[in-house]
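What follows is a set of notes on a single structure, which appears directly below.
The values are calculated or read from the model by the stated rules, or taken from the named source; none is laboratory data. Remember, predicted model here, so these are calculated numbers, not experimental data. Note: ideal-geometry Cβ built from the backbone for every residue, glycine included; neighbour counts use all protein chains shown.
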Amino acid sequence: MATITVDLNSKVILPDQRIWIVHPGRNRSHIDTFAAEGAVFLEFPGLSLRPEIIEDDTLLRQRIRQSIAVKANKGVTRDDGSPIRLADFHGGAGTDVSVHLRTVKHLTSRMTEGDLVIVPGRGAGGLVLFGEIEGSFFPQQTVWAPGMPYADTPVRRVKWLQQRSKLDLPSHLVRYFEKPPAIAEVGRDRFSEGFFDFAYNAYSTASRSWVSLDAPRYDGSDFLSLVPPAQLLALAVALYRAMEAKADISGLTYDEIITRFYDEEALAEAQLRFASPGRYNLKDKDAKLAKFINGFVALAMAGALTACSAGDHVEFTNSQAPNDPATGELTDMINMAGQSAGGAVLARAESQATEANRKLGMRPPAQVRR
C-alpha cells in the first residue's frame, strides 16, 4: 500500500490579517516600480527613518516636512543654493502633515508581515497588484524611485501574488480605490473579504474556503466541453456531503451518488468566468468543502483516484499552512470516499478530469505527489 500526498496549497487567512490599499504615487505613476522592486513606498524621499524617529511624532513630522521640501526642490538644496536642513523645520502638529503622518505610520509600523496589499493602477481597466507584506520595516531598505533620484525612499517589501485587471473586480471592491489617502486600511467584512478571491487561488477563513480552478483554454466555442468538469465538481460536492453524513455509497453509480447527495446549497458561490483565462470559482459555507474539491480534482487529474479504491492511502497536507486543522478531517473523508465509491465511479471521474484538462486546460491549485 502506497501513500499519495495531496498538497492543498491553500492560504489560511487569520482573523488579524489586514487589508491595505496603497496608491502608487501621484497619477499612480510608480506601479511599475512597485512591481519590479517587490516593494511599496510613499513619495517621501530622504526621510532617513530610525526606530526612535518613527516612535516620536514630533521628530517624524519634522522629517516629513523636510522631505516635502526636498521633493519640491528636486534635491537637497533650494533654487538659491542654500541647503535644506532638518533644523529649518518644526515638529509641531498641523494640517499640512496630519494625513502624511498617518500614512508614514501605516507604512512603517501598522502594516505587518502577511497583510494583504492591493495596488490599483490607472484607468477603468488598469492593472491591480495583489501581494503580501514581507517581514518588518527596516530603515536601510530603500529605493531610488523614478522622478525622485536625489534621495533614498524607504520601502516595505512585498511578495506579489497576482496581477488582475480592474475590470475583473466587482464595482463594490473598485470603489475602495477611489478614496485617498495614499495608504488606507480596509476594514474586513463579508464584502471587503472579496479581495481575497483575487489574491489567492485557494484560501480559507474561519467560516469560508475558496478555490479557483484555471480553465485557460475555454473560448466559448464548444459548450459541451463544460459538461465533464461540471459533473466532476458535482461528484466532489456529493461525495463530500455523503462522507460528512457517513453515508454508505457502496454499490451506487456515479449518477446515483450525485442525484442522492449533491447539495446545491453547499456552495455560497459557484461561477465560471469566460474571460481569458477562464476560471471555475467556488466558495463554500463551511471552510472545508472548497478544500475537498481542490484535493479531489487534483487526485482525478493525476489519475490517483482509482488507486484509492485499490487500497492506497491519501494524505492531505497544506504547504501554505502546515498546521491547518482541516487536513486531518479531509484526509479521513477522501479515504472513506475512495474506499466506498466503486472503481467505476472513480475511473469515470478521472476520465472527466482528463477531458477537462484536454479541452479547457483545467487545473487546481493543489498538487499530488506519489
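What number of residues within the range 235-279 satisfy the criterion of being free of Cβ contacts under 8 Å to residues at least 40 places away in the same chain and β-branched (Val, Ile, Thr)?
The total comes to 2.
Evaluate the following for VAL97: is it out of contact with any helix residue (DSSP H, G or I) (no Cβ under 6 Å at 6 or more places or on another chain), closer than 18 Å to ASP57 by Cβ and buried (at least 19 other Cβ atoms within 10 Å of the Cβ)?
Details: out of contact with any helix residue (DSSP H, G or I) (no Cβ under 6 Å at 6 or more places or on another chain): no; closer than 18 Å to ASP57 by Cβ: yes; buried (at least 19 other Cβ atoms within 10 Å of the Cβ): yes.
So VAL97 does not fit the description; no.
Being loosely packed, with under 13 Cβ neighbours inside 10 Å and part of a helix (DSSP H, G or I) is the filter here, so list the residues in the range 160-182 that pass it.
Within the range 160-182, LEU167, SER171, HIS172, ARG175, GLU178 qualify.
In the range 39-64, which residues are touching a Leu at 6+ places or on another chain (Cβ under 6 Å) and within 15 Å of PHE138 (Cβ to Cβ)?
ILE53
What helices (runs of 4 or more DSSP H) lie completely within the range 30-78 and have 2 or more residues being within 26 Å of VAL117 (Cα to Cα) and in contact with a Lys or Arg (Cβ under 8 Å, 6 or more places away or on another chain)? Show your work before the answer.
On the way: elements: 31-37, 51-54, 57-72.
So the answer is 51-54.
Which one of ALA356, ALA347 is within 23 Å of ALA202 (Cβ to Cβ), of a type outside the set (S, T, N, Q) and part of a helix (DSSP H, G or I)?
The unique qualifying residue is ALA356.
Under 25 Å from ASN27 (Cα atoms), in contact with a strand residue (DSSP E or B) (Cβ under 9 Å, 6 or more places away or on another chain), in the same structural domain as ARG164 (by TED's automatic domain parsing) and of a type in the set (Lys, Arg), is that true of ARG122? Quick ask: steps written out before the conclusion?
Numbers: under 25 Å from ASN27 (Cα atoms): yes; in contact with a strand residue (DSSP E or B) (Cβ under 9 Å, 6 or more places away or on another chain): no; in the same structural domain as ARG164 (by TED's automatic domain parsing): yes; of a type in the set (Lys, Arg): yes.
Answer is no for this residue.
How do the strands (runs of 3 or more DSSP E) wholly within the range 227-337 filter down when requiring 2 or more residues that are buried (at least 20 other Cβ atoms within 10 Å of the Cβ): which remain? Explain how you work it out, then say what you get.
Values: elements: 267-273, 278-284, 313-317.
Those strands (runs of 3 or more DSSP E) span 278-284, 313-317.
Does LEU224 count as among the aliphatic types (A, V, I, L, M), surrounded by fewer than 16 Cβ atoms within 10 Å (Cβ to Cβ) and under 19 Å from LYS359 (Cβ atoms)? Can you show your working first?
On the way: among the aliphatic types (A, V, I, L, M): yes; surrounded by fewer than 16 Cβ atoms within 10 Å (Cβ to Cβ): yes; under 19 Å from LYS359 (Cβ atoms): yes.
In short, yes.
Of all residues in the range 176-203, which are under 22 Å from LEU232 (Cα atoms) and among the hydroxyl-bearing types (Ser, Thr, Tyr)?
Of everything in the range 176-203, just one residue is under 22 Å from LEU232 (Cα atoms) and among the hydroxyl-bearing types (Ser, Thr, Tyr), namely TYR203.
In this structure, is LEU60 modelled with pLDDT of 95 or more, assigned by TED's automatic domain parsing to the domain that holds ARG363 and surrounded by 20 or more Cβ atoms within 10 Å (Cβ to Cβ)?
Values: modelled with pLDDT of 95 or more: yes; assigned by TED's automatic domain parsing to the domain that holds ARG363: no; surrounded by 20 or more Cβ atoms within 10 Å (Cβ to Cβ): yes.
In short, no.
Condition test on SER136, is it in the same structural domain as PRO51 (by TED's automatic domain parsing) and either at pLDDT below 90 or not in a loop (DSSP other than H, G, I, E, B) (or both)? Outline the logic, then answer.
Values: in the same structural domain as PRO51 (by TED's automatic domain parsing): yes; either at pLDDT below 90 or not in a loop (DSSP other than H, G, I, E, B) (or both): no.
Judged against the criteria, SER136 is not a match.
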